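Colleague: Here's a structure for you.
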Amino acid sequence: MDLAFQSLARVSDLLSTGDITSVELTEVCLSQINSFESEVNAFVTISSDLAMQQATNADIAWQNWINGKSDQKPSPLNGVPLAIKDVICVSDVVASAGSMMLKEFVPPYDSTASERLRDAGAIFLGKTNTDEFAMGSSTENSAFGPTHNPWDLNRVPGGSSGGSAAAVSAGMSYGALGTDTGGSVRQPAAMCGVVGLKPTYGRVSRYGLIAFGSSLDQIGTLTRTVEDAALLLQVIAGPDLKDSTTLQKKPPNYLEVLSRTDNLKGVRVGVEHEHTTGSLQPEVEKSVKDTIKTLKHLGAEIVSVQLPHTQHALEAYYLIANAEASANLARYDGIRFGQRRTGNNLWETYINTRSNGFGKEVKRRIMLGTYALTAGYYEDYYLNAQKVRTLVQKDFELAFSKVDAIVGPVTPTTAFKIGEKIEDPLQMYLSDIFTLSGNLAGIPGISLPCGFDQSGLPIGVQLLGPTCSEQQLLTVGHIYQQATDWHKHIPGLEH
Amino acid sequence: MASTISTNEVVRIAQLARLHLTENELKSFGKDLSEILDYMNQIKKVDVSNVRPTDNTLYLHTILRPDEAHPSLSIDKLLSNAAEVDNGYFSVPPVLGQN
């Protein structure tokens, strides 16, 4: 198999024995980017100089270990090229958030997630494309053009972490960070045929993450395998004094999971039979059913569960997310950072800066959020949404008293065509229907490749677990991937 | 049961959000918002009597740290992204004397 498409775990092994250097790996990724980036548009910024510099240092660290000069074994991520979604700050590299507003914004600090990766010796290839301020499900809302799905360049990669998903899928990077507020890691993972993990809310620090919906946002991983996801999560997860919404307890050893190659005996998997609004594409339905059969075959007990309030999760989600977004995006006023369009006075400066700097979808969501919070509407909309959120959370708590994980679709359809849904915001919002309840409840979820439709487009299956059950989800996913090879397929990009 | 938002309301919300909308934008946003809010109105159908609102899933408590000063970012770095800087300050248009 082409080196560009090897798993992160595999290349990490090769680095640790000196069979390959980080410089070589970085060159492989940069070459892949060079060949296909003009068609895919996965990146906003490619930081090749930084990457090569980091690679050189990483090689020294591995050499010292291999030669016995150092008895400190480098992290498995040392020397591994990664990509970072452009809403996550990396020091001294532009963080655009996919927006004109931040087109020239250079963060003077690393996000905690980036800092942990940097300290582990990971290589930063660049910042990936995203829907503006992470608002979208297709990466079409980016101010820098849409990203194209490597499986069919006329189609979306999903969103908002479409750039990250496409980069990993296209062999441009061995892994990537994304963010998931309503499904933005899991959905593009499904549409691009890669593994997408959204941790429990609070598992990964949000310090240095450009905020969208603060009670929903979570940094997640896009990788080719579940094993790779465990390797990334181990480094970025954990309490952070700079983010007081992080879980205070230290994460467990996720890598333990990877020694499991047996079966799923004793694991109870929940299936919800009533689908929420909208219908499933027939091939998606079939692939999910086949996955359930596979899990059963592997020894899992399949149990029926009810989640009666998920049919209202979409309304609750969009009211809460947009309300929080309207507050979070108030900081873009042209004063301390971001573009400034000066007017005759301060008021005009605010108006001009914001009207000019934000794209249509962002404005739409700010308006919705503002409306939901205004006097006279607050009780009807925002407060009601928060109460529905409690009910959704309780549904999951009840379900998880009977099962260890819930299996279901990630998204109603495979990747749609670019331009197909952009004029119909409500249709676009409906594509998050299976993922957003997980964000409302703050629980972890993973999206795994589980098949292809008749056009050869990837299909993903989702596993949701109770809070702090990442080990469990990774175990089930890892055992599933020992028994299947959907995750080994690669798109047919041609030179 | 369409709940149309009046143009006046759209203008009011835009003002609150410090956004200026063109004539066309007013029309298209009015339409979008009406459609979306129509859908969102379904939330009123849920029986939420006796349900407490959740504003965060973590059951948070206040995280404290010792009251000790530590080095922070330098002023240069903090000003590095500002559009206009004057002698170590963010420079802004006049605050007073507006409508």
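Here, each number is a calculation from the coordinates, and none is a lab measurement. Since we're looking at a predicted model, the values are computed, not measured. No Cβ is skipped: glycine too gets one built from the backbone with ideal geometry, and neighbour counts run over all protein chains shown.
Colleague: Give me a comma-separated list of calculated 3J(HN,Hα) values for the stretch A:439-447, in order, Karplus coefficients 6.51, -1.76, 1.60 applied at θ = phi - 60°, integers in Hz, x for any Gly or Pro.
Modeller: Each residue's phi maps through the Karplus curve to give 6, 4, 8, x, 8, x, x, 9, 10 Hz.
Colleague: Convex hull volume of the Cα atoms in the stretch A:134-210, per residue, in Å³?
Modeller: Working: hull volume 7.1 nm³, N = 77.
Normalising the Cα hull of the stretch A:134-210 by residue number yields 92 Å³.
Colleague: Roughly how big is the stretch A:158-278's charge dipole about its Cα centre, with Cβ charges of +1 (Lys, Arg) and -1 (Asp, Glu), in debye to the nearest 20? It would help to have the intermediate numbers written out before the result.
Modeller: Numbers: 11 positive and 10 negative charges, 42 e Å.
Using only the charged Cβ atoms, the result is roughly 200 debye.
Colleague: What translational diffusion coefficient, to the nearest whole µm²/s, does chain A have by Stokes-Einstein, given a Kirkwood radius computed over alpha-carbon pairs, a temperature of 4 °C and 1.567 mPa s viscosity?
Modeller: Working: Rh = 22.4 Å.
In µm²/s, the coefficient rounds to 58.
Colleague: Turning to a different aspect of this structure: Kindly flag which residue pairs out of A:K242/A:K387; A:K103/A:K249; A:K103/B:K45 have an alpha-carbon separation exceeding 32 Å in this structure. Let's see the in-between values first.
Modeller: On the way: A:K242/A:K387 29 Å; A:K103/A:K249 37 Å; A:K103/B:K45 42 Å.
As for pairs spanning more than 32 Å Cα to Cα, those are A:K103/A:K249; A:K103/B:K45.
Colleague: Would you please state which residues of the stretch A:447-471 a label at A:Q248 would reach in this model, taking the label point 7 Å out along Cα→Cβ and a backbone N cut-off of under 12 Å?
Modeller: none
Colleague: Can you give the net charge of the other residues whose Cβ lies under 11 Å from the Cβ of B:V85, counting K and R as +1 and D and E as -1? Don't jump to the answer; show the numbers that get you there.
Modeller: On the way: positive: A:R336; negative: B:D76, B:E84, B:D86.
With Lys, Arg at +1 and Asp, Glu at -1, the neighbours total -2.
Colleague: If the cut-off is a Cα-Cα distance under 18 Å, which lysines reach B:K31, setting aside same-chain residues fewer than 8 apart in sequence?
Modeller: A:K360, A:K363, A:K421
Colleague: As a footprinting exposure proxy, order A:Y201, A:Y429, A:Y378, A:Y174 by other Cβ within 10 Å, with the fewest listed first.
Modeller: Numbers: A:Y201 26, A:Y429 20, A:Y378 14, A:Y174 32.
With the fewest neighbours first, A:Y201, A:Y429, A:Y378, A:Y174 line up as A:Y378, A:Y429, A:Y201, A:Y174.
Colleague: So, one more: Near the amide H of A:V90, under 5 Å away, which other amide H atoms are found, from residues 5 or more places off or on another chain, if H is placed in the peptide plane?
Modeller: A:S111
Colleague: State, to one decimal in nm, how far the label point of A:N67 lies from the label point of A:S455, with both points 7 Å from Cα in the Cβ direction.
Modeller: 5.4 nm
Colleague: Expressed as a whole percent, how much of the Cα-Cα distance distribution for chain B exceeds 20 Å?
Modeller: Numbers: 3471 of 4851 pairs.
Considering chain B, 72 percent of its Cα-Cα pairs are separated by more than 20 Å.
Colleague: Further question: Helix-only mean residue ellipticity at 222 nm, the protein assembly as shown, DSSP H runs n ≥ 4 weighted -39,500 (n - 2.57), per residue, nearest 500. What is it? Could the numbers behind the result be given before it?
Modeller: On the way: 18 runs with 214 residues, N = 594.
Calculated from helices alone, the mean residue ellipticity at 222 nm is -11000 deg cm²/dmol.
Colleague: While we're looking at this one, here's another question. Counting only other chains, and only Cβ atoms inside 10 Å, what mean value do you get across the residues of B:45-52?
Modeller: So the per-residue partner count for this stretch is 5.
Colleague: Taking the Cβ of each residue in A:V392, A:V23 as the centre, tally the other Cβ atoms inside 10 Å and list the residues starting with the fewest. Let's see the in-between values first.
Modeller: Values: A:V392 26, A:V23 17.
Arranged by neighbour count, lowest to highest, A:V392, A:V23 become A:V23, A:V392.
Colleague: Also, I was wondering about something else. Can you tell me the order of A:400-408, A:83-91 when each peptide is scored by its average per-residue count of other Cβ atoms within 10 angstrom, highest first? Intermediate results must be reported in sequence, preceding the final value.
Modeller: Working: A:400-408: 20.3, A:83-91: 28.4.
In descending order of packing, they fall as A:83-91, A:400-408.
Colleague: Using a simple charge model, +1 on the beta-carbon of Lys and Arg, -1 on the beta-carbon of Asp and Glu, nothing else, what dipole does the protein assembly as shown show about its Cα centre, in debye to the nearest 20?
Modeller: Values: 49 positive and 65 negative charges, 200 e Å.
Dipole of the protein assembly as shown, to the nearest 20 debye: 960 debye.
Colleague: Let me ask another. Each residue of the stretch B:4-19 in turn: what ³J(HN,Hα) in whole Hz from Karplus with 6.51, -1.76, 1.60 and θ = phi - 60°, glycine and Pro shown as x?
Modeller: With coefficients 6.51, -1.76 and 1.60, one gets 7, 8, 6, 4, 4, 5, 4, 4, 4, 5, 4, 4, 4, 8, 6, 10 Hz.
Colleague: Computed over the Cα atoms, what is the radius of gyration of the stretch A:11-165 divided by 2.2 N^0.38 Å, N being its residue count? The partial results should precede the final answer.
Modeller: Details: Rg = 16.4 Å, N = 155, 2.2 N^0.38 = 15.0 Å.
This ratio for the stretch A:11-165 stands at 1.10.
Colleague: Let me ask something else about it. In whole angstrom, how far apart do the alpha carbon centroids of the stretch A:463-486 and the stretch A:335-413 sit?
Modeller: Going from one Cα centre to the other spans 30 Å.
Colleague: Continuing with the same structure: What dipole magnitude, in Debye to the nearest 20, does the stretch A:319-437 give about its Cα centre under +1 on Lys/Arg Cβ and -1 on Asp/Glu Cβ? Numbers along the way, then the final one.
Modeller: Numbers: 15 positive and 13 negative charges, 90 e Å.
In total the dipole reaches around 440 debye.
Colleague: Averaged over A:102-109, how many beta carbons belonging to a partner chain fall within 10 Å of each residue's beta carbon? Walk me through the intermediate numbers first.
Modeller: Numbers: counts 1, 0, 2, 2, 3, 3, 8, 2.
Mean partner shielding for this stretch: 3.
Colleague: Just tell me how shielded B:31-39 is by partners: mean number of partner chain Cβ atoms within 10 Å of each residue's Cβ, no decimals. It would help to have the intermediate numbers written out before the result.
Modeller: On the way: counts 0, 9, 5, 0, 3, 11, 7, 1, 7.
Rounded to a whole number, the mean comes out at 5.
Colleague: I need A:M428, A:M135 ordered by Cβ neighbour count within 10 Å, fewest first. Each step should come with its number before you reach the end.
Modeller: Working: A:M428 21, A:M135 29.
Least to most surrounded, the residues fall as A:M428, A:M135.
Colleague: Here is a further query. Run through the DSSP bridge list for the protein assembly as shown and note the antiparallel percent, rounded to the nearest 5.
Modeller: Numbers: 31 of 46 bridges.
Roughly 65 percent of the beta bridges in the protein assembly as shown run antiparallel, per DSSP.
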